[in-house]
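**Student:** Below you'll find the structure I mean.
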Amino acid sequence: MEPALAITVGILVAGGSYLMMSSNLIRFLFGLTIISNAANLAIFAAGRMTFGDPALVAEGAKTPPEGVANALPQALILTAIVIGFGLLVFTLSLVLRAYAEFGTADSAGMREAEPRNEPEPETAFGEAR
Amino acid sequence: MLLAAPILLPLTSAVVLFLLRRSPWHKLLSLISAGLSVAIGLVILFNAAADGPQVAQMGGWAAPYGITLVADTLSGAMVTIAGLAAFTALMYAVIEVDDETNALGFHALAHAMTGGVCGAFLTGDIFNLYVWFEVMLISSFGLLVIGGGRRQIDGAMKYVALNLVGTIAFLTGVGLLYGTAGSLNMADLSLKLAGRMGETAVLGSAGLLLFAFAAKAALFPVFFWLPASYHTPAVATSALFSALLTKVGVYSILRVFTLIFEPGTPAVEGVLLFACAITIALGAMGAASAGELRRIFSFHIVSQIGVMMLGLALGSKLAMAGAVFYFFHHIPAMMGLILLGGLVARECGSERLDRIGGLWAAGPWLGVLFLIPMLSLIGVPPLSGFWAKFFMIRASFEAEHYIVGGLILMASVLTFFYLGRVFVAAFWQPRPGADVAEITPVYPHRLLVAPILVLASVTLGISLSPEAFFQIADRAATELLDPLPYIRAVLPQGEPS
């Protein structure tokens, strides 16, 4: 089971990295989503792949029965998915807003905060020089 | 309960302030809450300094199964500084940020961010650290774009993109760590990973975490989001970010790479030393070539992050203590300078060096106030920056890394050059397009000047009694380098089977 999962994670990371190298923000975002899912899969694999029973504690008992699966990685992934989803929604709306403001989703066209013709300090002194 | 207070208070305040965001009282409430955080932070600091690491197990689940909050001297000091930073930045924001932006929840976001930052400082659980990073990130995204124009959206895009990549690296690193050691509690991990630094999985996760924290701290080669975004939001936001965000990255590296991973791993130290040296040089050169106030300050922050990170890269006790002392010096001085830059920009209507000027005639007291953080950041004795740089340079010379020590000195010379130029431009150069006779004395609102006075007095306080602050830093460094009391405080029964 582990090798198959490892190869899947590898393919996802490779595809995601390729998409993230694009200057198109939508492609970048898709790449990011793919890689964050690869990270979740990696955590899942880190919890060891076993054929276990659901981690349920019987009524009245204090400990789960023998042979249950490790529930902690699933809890971690669940947290990570929720956080990742929130971040994705925020970033998507940010890209949408950037598209509305700049008329392009290409990061090379966004030079508002760091303009090409940034004032150079040498010319910045004006009359004092 | 006391240990949870620095997290619960800002988060509760965030909810309350969001509900009351249209009320005229919410700014006062916000300031009271931030002021209270300083007091709580001081109590935690004194408890930790007097009795050693303080521990609280959340929900009654004993470590390593539950989430543990731990406050040693470093955490206590950082929580106090975070409270002070929030208090001063929000006081400035009362006048600076307009009601329209406040109605969107500016104060609520600032408090949520402070809560996330304090959580990161206090947690003793590596996955919980990831969660607090996210709380801090998502609130900082909000603060960065709130009421935003094109510039803010552009800056935020780069900030968000790089930080998300760092986040994924962090998460994967934590996953690998769990797969190797089967634990997430940092003290427990420390015991389980002792002597296993050579294993591929451990080194791999160390590399991923190092990348994630370096991206958060703005270290070379992943620093470019900082000068792309810090000059775009409100001045109060810039000041708050400069004080807290990058420092969380530095703090996490100091904590994780002394506690979980054994300090002194040649691979980690070599990479860090190289990255620090380049960061110091590139930051200083970037600042020297920028032509806008907050752009210059942003590059200056990058350069100083390189110096702080040397604490771990050099690894000696003096270097660690110097790095912690650097926090004490850098945060108030840098915030003070950014807020003063904000005042200059308010008076002159621009942040560009060629469009400001004439302020000496309008308000010489402003110039004198400007000199305090400026000379401190340059490192002029006897101000706090002199001591901070003295410790770091001495530590690098003792470790026989003369090039790095020389770089800190060179960066200080460059700092004198570019901050001096800011001073000359703002105060001595005649204001372009304005007649000298037209310039009227400036009387900024009291609430704009008060936070600057608070920060300047902190800087002067450190300058006058560096020994007291160095003792705290020294204690923090001792605890970092000998984590046994920390581990014993978290796991009194020793390692669970």
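**Student:** Just to confirm my filter: which helices (runs of 4 or more DSSP H) fall fully inside the stretch B:315-403 and include at least 2 residues that are without any contact (Cβ under 8 Å) to a residue 40 or more places away in the chain and within 14 Å of chain A (Cβ to nearest Cβ)?
**Tutor:** In the stretch B:315-403, there are no helices (runs of 4 or more DSSP H) which contain 2 or more residues that are without any contact (Cβ under 8 Å) to a residue 40 or more places away in the chain and within 14 Å of chain A (Cβ to nearest Cβ).
**Student:** Of the conditions (1) within 18 Å of the chain's Cα centre (by Cα); (2) within 14 Å of chain B (Cβ to nearest Cβ); (3) more than 30 Å from A:R97 (Cα to Cα), A:T8 fails just one. Which one is it?
**Tutor:** Only one criterion is unmet by A:T8, namely (2).
**Student:** Before we move on, is B:A411 more than 20 Å from the chain's Cα centre (by Cα) and more than 24 Å from B:W360 (Cβ to Cβ)?
**Tutor:** No; evaluated as a whole, the condition is false for this residue.
**Student:** Within the stretch B:405-413, does at least one residue satisfy the condition of being of a type outside the set (D, E), under 26 Å from B:I95 (Cβ atoms) and either modelled with pLDDT of 85 or more or outside any helix (DSSP H, G or I) (or both)?
**Tutor:** No, every residue in the stretch B:405-413 fails to be of a type outside the set (D, E), under 26 Å from B:I95 (Cβ atoms) and either modelled with pLDDT of 85 or more or outside any helix (DSSP H, G or I) (or both).
**Student:** Looking at this structure, is B:T167 among the β-branched types (V, I, T) and under 30 Å from B:F87 (Cα atoms)?
**Tutor:** yes
**Student:** Confirm whether A:N40 is touching a residue at least 40 places away in the same chain (Cβ under 8 Å) and either among the charged types (D, E, K, R) or buried (at least 17 other Cβ atoms within 10 Å of the Cβ) (or both). So that I can check it myself, show each step before the final result.
**Tutor:** Numbers: touching a residue at least 40 places away in the same chain (Cβ under 8 Å): yes; either among the charged types (D, E, K, R) or buried (at least 17 other Cβ atoms within 10 Å of the Cβ) (or both): yes.
Criteria met by A:N40.
**Student:** Take A:L92 and decide whether it is surrounded by fewer than 16 Cβ atoms within 10 Å (Cβ to Cβ) and modelled with pLDDT of 90 or more.
**Tutor:** Criteria met by A:L92.
**Student:** I need the full set of residues from the stretch B:416-464 which are at pLDDT 90 or above and small (G, A, S), in order please.
**Tutor:** Result: B:G420, B:A450, B:A456, B:S457, B:G461, B:S463.
**Student:** Also, quick follow-up: Would you mind stating whether A:E101 is closer than 30 Å to B:G147 by Cβ, assigned to a helix (DSSP H, G or I), at pLDDT below 85 and at the interface with chain B (Cβ under 10 Å from one of its Cβ atoms)?
**Tutor:** Judged against the criteria, A:E101 is a match.
**Student:** Are there any pairs with C-beta distances below 6 angstrom linking a residue in the stretch B:139-161 that is touching a residue at least 24 places away in the same chain (Cβ under 8 Å) and more than 7 Å from chain A (Cβ to nearest Cβ) to a residue that is assigned to a loop (DSSP other than H, G, I, E, B) and surrounded by fewer than 20 Cβ atoms within 10 Å (Cβ to Cβ), with the two at least 6 apart or on different chains, and if so which?
**Tutor:** B:I146/B:L104
**Student:** Of the residues B:R255, B:R346, only one is of a type in the set (D, E, K, R) and either buried (at least 24 other Cβ atoms within 10 Å of the Cβ) or touching a Cys at 6+ places or on another chain (Cβ under 7 Å) (or both); which?
**Tutor:** Matching residue, one of B:R255, B:R346: B:R255.
**Student:** Considering (1) crowded, with 24+ Cβ neighbours inside 10 Å; (2) at pLDDT 90 or above; (3) farther than 14 Å from B:L137 by Cβ, say which one B:F211 fails and leave the rest.
**Tutor:** B:F211 satisfies every listed condition except (1).
**Student:** Do we find a residue being within 21 Å of B:G336 (Cα to Cα) and part of a helix (DSSP H, G or I) anywhere in the stretch B:50-60? Walk me through how you get there before you give the answer.
**Tutor:** Just the residues of the stretch B:50-60 that are within 21 Å of B:G336 (Cα to Cα), to begin with: none.
Within the stretch B:50-60, not a single residue is within 21 Å of B:G336 (Cα to Cα) and part of a helix (DSSP H, G or I).
**Student:** Further question: Given (1) in contact with a Ser or Thr (Cβ under 9 Å, 6 or more places away or on another chain); (2) in a loop (DSSP other than H, G, I, E, B), identify the lone condition not met by A:A61.
**Tutor:** If we test A:A61 against (1) in contact with a Ser or Thr (Cβ under 9 Å, 6 or more places away or on another chain); (2) in a loop (DSSP other than H, G, I, E, B), just (1) comes out false.
**Student:** Also: Condition test on A:F30, is it away from every other protein chain (no Cβ under 11 Å), exposed (fewer than 14 other Cβ atoms within 10 Å of the Cβ) and hydrophobic (A, V, I, L, M, F, W, C)?
**Tutor:** no
**Student:** For the stretch B:335-369, how many residues meet the condition of being under 19 Å from B:I301 (Cα atoms) and not β-branched (V, I, T)?
**Tutor:** Qualifying residue count for the region: 10.
**Student:** Given (1) at pLDDT 85 or above; (2) facing chain B (nearest Cβ under 7 Å), where does A:I77 come up short, assuming only one miss?
**Tutor:** (2)
**Student:** Listed residues B:G311, B:G358; which is small (G, A, S) and on the phi > 0 side of the Ramachandran plot?
**Tutor:** Step by step, each of B:G311, B:G358 is checked, and only B:G358 is small (G, A, S) and on the phi > 0 side of the Ramachandran plot.
**Student:** Just to be sure I understand the filter: pairs with C-beta atoms under 9 Å, separated by 6 or more residues or on different chains, first member in the stretch A:55-74 and away from every other protein chain (no Cβ under 14 Å) and under 17 Å from A:L41 (Cβ atoms), second member surrounded by 15 or more Cβ atoms within 10 Å (Cβ to Cβ) and not hydroxyl-bearing (S, T, Y). Which pairs pass?
**Tutor:** Every condition considered, the pairs that remain are A:A69/A:G47.
**Student:** Also, quick follow-up: Just to verify a result, which residue in the stretch B:5-49, among those that are polar (S, T, N, Q) and assigned to a helix (DSSP H, G or I), is nearest to the chain's Cα centre (by Cα)?
**Tutor:** Per the stated criteria, the residue is B:S37.
**Student:** Among the candidates A:F51, A:F44, A:F28, single out the residue that is outside any helix (DSSP H, G or I), aromatic (F, W, Y) and on the phi < 0 side of the Ramachandran plot.
**Tutor:** A:F51
**Student:** Continuing with this model, one more query. Would you mind stating whether B:T172 is at the interface with chain A (Cβ under 7 Å from one of its Cβ atoms) and either modelled with pLDDT of 90 or more or crowded, with 23+ Cβ neighbours inside 10 Å (or both)?
**Tutor:** yes
**Student:** Being modelled with pLDDT under 90, closer than 30 Å to B:P64 by Cβ and not polar (S, T, N, Q) is true for just one of B:G270, B:G249, B:G264. Which residue is that?
**Tutor:** B:G264
**Student:** Find the residue count for the stretch B:404-429, including only residues that are small (G, A, S) and within 14 Å of another protein chain (Cβ to nearest Cβ).
**Tutor:** So the answer is 3.
**Student:** Quick check on the stretch B:102-116. Is at least one of its residues within 13 Å of another protein chain (Cβ to nearest Cβ), more than 19 Å from the chain's Cα centre (by Cα) and part of a helix (DSSP H, G or I)?
**Tutor:** Scanning the stretch B:102-116, I find no residue that is within 13 Å of another protein chain (Cβ to nearest Cβ), more than 19 Å from the chain's Cα centre (by Cα) and part of a helix (DSSP H, G or I), so the answer is no.
The values are calculated or read from the model by the stated rules, or taken from the named source; none is laboratory data. The structure presented is a predicted model; accordingly, all values stated were derived computationally and were not measured. Note that we place each Cβ from the backbone using ideal geometry, even for glycine, and neighbour counts take in every protein chain shown.
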